[in-house]
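These notes are about the structure you will find just below.
The values are calculated or read from the model by the stated rules, or taken from the named source; none is laboratory data. Predicted model, so just to flag it, every value in this text is computed and none were measured. Glycine also receives a Cβ, built like all others from the backbone with ideal geometry; neighbour counts cover every protein chain displayed.
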Amino acid sequence: MKKNILKIFLVLLLFYNFTSTAYSQQTGYVMGSNGTLLRTTNAGINWTLQPLKTSQVIWSPFFINENTGWFVGGAGATDMLESSVIFKTTDGGNKWVRQTSSVNHWLTSAYFINSQTGWIAGSSRTIIKTTNGGMNWSVLTSELSSLRLETIWFTDANTGWVTAWSGNILKTTDGGSNWFTLNTGTTANLYTAKFFSALTGYAAGSNGTIIKTTNGGTNWITQSTSTSQELFCIYFHSELLGWAVGNNGTVIRTTNSGTNWSLINSGTTVRLEYVDFINELTGWTVGGWNGNVILKTTNGGLGWLPQTSGSTAQLFAVYFPRDISNRINQTGTNVPETFKLYQNYPNPFNSISKIKYQISKTHIKNQKVKLSVFNVLGEEIILLVDREQEAGFYEVEFDGTNFASGIYFYELSSGDFADIKKLILLK
């Protein structure tokens, strides 16, 4: 029987019913042309138009938790008439405040590693960075002179990538101060990316192209996708299960880390721009450039049903916020003999601390690994890891910015293994 020492201890000691404060994931956003921002609080049964003081395209979202997030975009959908727009919320989307950047280019993608530090990419080799939650933005340079950048992704404060057209991917190892070009082996326009760690990631784009790296981008392997359509968004719920969407209603799905991709009938020919899932079964995709559609699945993407939004705008992204302020980084290629949870460092800490753990080679494939943080009442305040992971060494960042000073506990569990340690947050 699995030993869950922390939960038993807290129940006996405090006579308190264990409850999870995990976000319900009923709240989501769809965004698009003419400043369109739609919001649902019931998983898409109803969508409500949110007022934004802009007529520009809202193109791409990023949230670090259910309360704090950003939307970026610009004027038009080409680089011919360029201007930028950034909006931020800190109250779960009830109020949006426009932020000012120092660039006047179309912004295509944002990525934050915590509530303070983030990057935005865009056209005309635009990369900007903030270290104070977007109050100020500094312009970073990239190696490419004029190429449009698409998706930016970081796994920690130093290591990041940005995809671009003509097969280009840029990488930084110093937080964006310097960028160098990777050899991807393709000339396809790369519109989208997803990285699990500093080693493993995917990029996708034109001609049905999906490439994968397992060494941080030094080498890339082209995957067979069963489509030649442009792919505009790729999303993985776990290291095994993923989806990509694109032109002409294309939806493809993998259950084995991209070794095989299956073509799924979406029921539409609208160009699909974005896909997002809240668990293995439930997800949404939206379009698009040549139409207006919101589709939802409740069976892992095998079947899709349209939802009514009441909007006629072009729709470019859908996003259901969850707390992803933590970052999981695979720290080596060796395979450990045993499971182990390490003491967080630093401890005590102010806001940011790192937790290391290792997954044994005896770990059963497809079995989930969970790493949770609890307060002294036994409430789960954040779920840092909840995915299938291969044997190896991992490190995850815990951002305590939004939590009060005090004693907390963190638990690693998988199958019959469970271990618990204490951490102290001091502000």
- Item | Complete set of residues in the range 206-223 that are modelled with pLDDT of 95 or more and farther than 27 Å from ASN279 by Cβ | SER206, ASN207, THR209, GLY217, THR218, ASN219, TRP220, ILE221, THR222
- Scan the range 198-220 residue by residue and report those that are in contact with a strand residue (DSSP E or B) (Cβ under 6 Å, 6 or more places away or on another chain) and either small (Gly, Ala, Ser) or crowded, with 19+ Cβ neighbours inside 10 Å (or both). ALA198, LEU199, GLY201, TYR202, ALA203, ALA204, GLY205, ILE210, ILE211, THR213, GLY217, TRP220
- Item | Flag if THR285 is touching a strand residue (DSSP E or B) at 6+ places or on another chain (Cβ under 8 Å), β-branched (Val, Ile, Thr) and assigned to a loop (DSSP other than H, G, I, E, B) | no
- When the range 138-166 is checked residue by residue, the ones that are closer than 12 Å to ALA110 by Cα and modelled with pLDDT under 80 are none
- Query: Of all residues in the range 172-217, how many are over 21 Å from VAL396 (Cα atoms) and part of a strand (DSSP E or B)?
  - Reply: 12
- Matching residues in the range 284-308 - criterion: being within 19 Å of the chain's Cα centre (by Cα) and either surrounded by 23 or more Cβ atoms within 10 Å (Cβ to Cβ) or free of Cβ contacts under 8 Å to residues at least 12 places away in the same chain (or both): TRP284, THR285, VAL286, GLY301
- Within the range 366-403, how many residues turn out to be surrounded by fewer than 20 Cβ atoms within 10 Å (Cβ to Cβ) and in a loop (DSSP other than H, G, I, E, B)? 11
- Task: Could you grab me the full set of residues in the range 235-265 that are surrounded by 22 or more Cβ atoms within 10 Å (Cβ to Cβ) and either closer than 16 Å to LYS296 by Cα or charged (D, E, K, R) (or both)?
- Result: GLY242, TRP243, ALA244, VAL245, GLY246, GLY249, THR250, VAL251, ILE252
- Query: In the range 218-238, what residues are of a type outside the set (Ser, Thr, Tyr), within 21 Å of ASN183 (Cα to Cα) and assigned to a loop (DSSP other than H, G, I, E, B)?
  - Reply: ASN219, TRP220, GLU230
- Item | Residue list for the range 190-219, filter: in contact (Cβ under 8 Å) with a residue 40 or more places away in the chain and more than 23 Å from TRP284 (Cα to Cα) | SER197, ALA198, LEU199, THR200, LYS212, GLY216, GLY217
- Does ASN260 satisfy the criteria of being touching a Ser or Thr at 6+ places or on another chain (Cβ under 9 Å), polar (S, T, N, Q) and at pLDDT 95 or above? yes
- Would you mention how many residues in the range 352-365 are under 21 Å from the mean Cα position of the chain (by Cα) and modelled with pLDDT under 85? 1
- Residue list for the range 81-116, filter: crowded, with 19+ Cβ neighbours inside 10 Å and hydroxyl-bearing (Ser, Thr, Tyr): SER84, THR89, SER101, THR108, SER109, TYR111, SER115
- Message: Give me the residue from the range 101-125 that is over 25 Å from THR41 (Cβ atoms), at pLDDT below 90 and polar (S, T, N, Q) and, out of that set, nearest to the chain's Cα centre (by Cα).
- Response: ASN114
- Query: closer than 23 Å to ARG39 by Cα and either in contact with an Asp or Glu (Cβ under 7 Å, 6 or more places away or on another chain) or not in a loop (DSSP other than H, G, I, E, B) (or both) - does that describe any residue in the range 251-272?
  - Reply: yes
- Query: THR108: in a strand (DSSP E or B), touching a residue at least 40 places away in the same chain (Cβ under 8 Å) and under 24 Å from THR27 (Cα atoms), yes or no?
  - Reply: yes
- Query: Can you tell me how many residues in the range 404-427 are under 23 Å from THR68 (Cβ atoms) and assigned to a loop (DSSP other than H, G, I, E, B)?
  - Reply: 4
- State all residues of the range 336-359 that are in a strand (DSSP E or B) and of a type outside the set (A, V, I, L, M, F, W, C); if no residue qualifies, say none. LYS340, TYR345, SER353, LYS354, LYS356, TYR357, GLN358
- Query: Any residue in the range 408-423 that is outside the structural domain of ASP156 (by TED's automatic domain parsing), over 19 Å from ASP156 (Cα atoms), free of Cβ contacts under 8 Å to residues at least 60 places away in the same chain and among the hydrophobic types (A, V, I, L, M, F, W, C)?
  - Reply: no
- Query: Hey, among ALA43, ALA22, which residue is modelled with pLDDT under 90 and among the aliphatic types (A, V, I, L, M)?
  - Reply: ALA22
- Item | In the range 123-136, the residues that are at negative phi and touching a Gly at 6+ places or on another chain (Cβ under 9 Å) | SER123, ILE127, ILE128, LYS129, THR130, THR131
